[in-house]
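Since every read-out is calculated from the coordinates, none of them should be taken as a lab result. Just so you know, these numbers come straight off a predicted model, no measurement behind them. Don't worry about glycine lacking a Cβ; one is built from the backbone with ideal geometry, like all the others, and counts go over all protein chains shown.
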Amino acid sequence: MHLFLCNVLNKNALSFVITCMAIYQIKTTQNLPISLQAAWDFISSPYNLETITPDDMGFEITNGVKPDDKMYAGQIITYNVKPLAGIKMEWVTEITHVENLKYFIDEQRFGPYSLWHHQHHIKAIEGGIQMDDIVHYKIPFGPLGQLMNTLVVKNKLKQVFDYRHKKLVELFGEL
């Protein structure tokens with residue numbers, strides 16, 4: 001799914017310029033047979049990101065996050081990651097919102113996207129938990145970025161979320 005936000009700029013009385021930007025959305029849902037506390041303990045540790053990220057992305061936290069560290073609002077996390085073609089990039093995210101046992105939000109501060117806003121929600125359901133991820137993102141470079149999203153980026157992100165789904169089933173089982 002994507003959303004186009006457009007502005008009409010009146011350059012003068014006779015000409016208008018319309019500028020549009022595409023903001024894309026990914027939404028995933030997964031049910032796991034674990035307690036709310038167990039789910040929260042896993043997803044609220046930035047250290048566990050490496051476990052649920054495909055190996056070919058070369059994911060590495062670079063600012064000393066330790067296995068027992070829990071996230072908090074305002075936390076900055078720096079990574080090295082190879083999102084496309086093995087090209088290493090630095091990615092900096094901030095945890096902007098945290099509500100214990102319910103959700104957290106991470107937002108990119110520096111990295112490959114013009115916009116990255118990722119909501120992680122969990123809630124108790126019969127027999128376990130439901131985990132929902134909602135990502136809004138924007139690719140830089142205007143129409144070229146939109147083409148890159150169509151040809152490469154959206155498929156790569158689907159692979160990442162498919163890998164996470166599979167890895168969480170391996171770790172916790174399936175509901």
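Remarks
So that you can scan it fast, the table gives a plain yes or no per residue for (1) closer than 23 Å to Gln25 by Cα; (2) surrounded by 14 or more Cβ atoms within 10 Å (Cβ to Cβ):
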| position | (1), (2) |
| --- | --- |
| Asp68 | no, no |
| Tyr79 | yes, yes |
| Leu84 | yes, no |
| Glu90 | yes, no |
| Glu94 | yes, yes |
| Asp106 | yes, yes |
| Trp116 | yes, yes |
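- Segment 90-175 holds strands (runs of 3 or more DSSP E) entirely within its bounds, and those carrying 2 or more residues that are touching a residue at least 60 places away in the same chain (Cβ under 8 Å) and under 18 Å from the mean Cα position of the chain (by Cα) map to 115-125, 128-138.
- For segment 57-88, a residue qualifies if it is within 16 Å of Gln108 (Cα to Cα), in a loop (DSSP other than H, G, I, E, B) and in contact with a Pro (Cβ under 9 Å, 6 or more places away or on another chain), and the qualifying residues are Met71, Gln75, Pro83.
- Selection status of Ile139, within 16 Å of Ser45 (Cβ to Cβ), aliphatic (A, V, I, L, M) and buried (at least 18 other Cβ atoms within 10 Å of the Cβ): no
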